[in-house]
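K.L.:
This is the structure, below, for whatever I ask next.
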Amino acid sequence: MLIIDARESDTIDKALRKYKKKFEKSQVLKQLRKRKNFTKPSVLRRFQILKAAYKEKMITESEI
């Protein structure tokens with residue numbers, strides 16, 4: 001549950017902006033999307049390996 005410290009001097013817009021930032025930082029939506037579908041651990045591992053290989057390739061190309 002997100003708790004926003006809204007002072008009486010703050011406007012609704014300001015409080016809403018604070019809520020949106022806090023919601024984005026908490027990554028609730030990201031977790032919901034991740035839990036929506038089950039992915040096998042082997043698929044996750046393969047994805048991580050491909051991602052690491054891509055990053056390595058990008059780093060080596062930028063050094064040239």
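The values are calculated or read from the model by the stated rules, or taken from the named source; none is laboratory data. Being a predicted model, the structure only gives us computed values, none of them experimental. All Cβ positions, glycine included, derive from the backbone under ideal geometry; neighbour counts span all protein chains shown.
K.L.:
If you take the residues of segment 29-43 that are surrounded by 10 or more Cβ atoms within 10 Å (Cβ to Cβ) and of a type in the set (A, V, I, L, M), which of them is farthest from Met1 (Cα to Cα)?
P.N.:
Applying the filter and picking the extreme gives Val43.
K.L.:
Give Ile59, Ile4, Ile49, Ile12 a once-over and let me know the one that is in contact with a helix residue (DSSP H, G or I) (Cβ under 6 Å, 6 or more places away or on another chain) and of a type outside the set (Gly, Ala, Ser).
P.N.:
On inspection, the qualifying residue turns out to be Ile4.
K.L.:
Here is a follow-up. Based on what the data block shows, is Phe23 without any contact (Cβ under 8 Å) to a residue 60 or more places away in the chain and within 12 Å of the chain's Cα centre (by Cα)?
P.N.:
Numbers: without any contact (Cβ under 8 Å) to a residue 60 or more places away in the chain: yes; within 12 Å of the chain's Cα centre (by Cα): yes.
Judged against the criteria, Phe23 is a match.
K.L.:
Within segment 5-15, identify whether any single residue is surrounded by 10 or more Cβ atoms within 10 Å (Cβ to Cβ), basic (Lys, Arg) and at pLDDT 95 or above, and answer yes or no.
P.N.:
no
K.L.:
Here's something else I'd like to know. Return yes or no: is Lys21 surrounded by 10 or more Cβ atoms within 10 Å (Cβ to Cβ) and on the phi < 0 side of the Ramachandran plot?
P.N.:
Yes; evaluated as a whole, the condition is true for this residue.
K.L.:
Going by what's in this entry, would Ser26 be described as surrounded by 11 or more Cβ atoms within 10 Å (Cβ to Cβ) and of a type in the set (S, T, N, Q)?
P.N.:
Values: surrounded by 11 or more Cβ atoms within 10 Å (Cβ to Cβ): yes; of a type in the set (S, T, N, Q): yes.
Yes.
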